[in-house]
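Working notes, structure below.
The values are calculated or read from the model by the stated rules, or taken from the named source; none is laboratory data. Quick caveat, the model's predicted, so the values are computed rather than measured. So basically every Cβ, Gly included, is an ideal-geometry build from the backbone, and we count neighbours across all protein chains shown. These accessible areas exclude ligands, DNA and RNA; they are computed on the full protein's heavy atoms, side chains included. Shrake-Rupley method; radii C 1.70, N 1.55, O 1.52, S 1.80 Å.
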Amino acid sequence: MSEESIDTIIGEDIQFRGKLRFNNALKIKGQFKGTIETTGSLIVGETGRVEADIETGTLEIEGDLKGNISASSKVSVRKTGKLVGDVRTPDLEIESGAKFSGNCIM
């Protein structure tokens, strides 16, 4: 997904803690700890460091994510991505070079 089509970006210099709720597309390039709920798309950028339980439509991981994920559409772990946690999704894509430690229910 190109950055032009993303509604909100949390920059590299931002550290955020709490509960995030949104409906469209969000990219996290900084650090986030807490919970995330969305019907839209979430992207964890290469510089992103996320520690959260997540409910989402689609999720793309390019950085580090630690937490449990429930995605209604798809989870993609890119070659630069690292995922530690359990995943529940109908469609899981893991690129060569990506790291995944956890369980998956499809």
Alpha-carbon Rg/Rh ratio, for the stretch 8-104, with Rh computed the Kirkwood way: 0.92
Residue-normalised accessible area of the chain, given per residue in Å² at a 1.4 Å probe: 55
Gap separating the Cα centres of the stretch 28-44 and the stretch 70-106, nearest whole Å: 15
Spatially proximal lysines relative to LYS79 (Cα-Cα < 19 Å; intrachain offsets below 8 disregarded): LYS27, LYS29, LYS66, LYS99
Rough spin-label spacing in nm, given labels placed 7 Å along Cα→Cβ, for ARG21 and GLU51: 2.5
Average Cα contact separation per residue, the chain, under 8 Å, 6 or more apart, as relative contact order %: 16
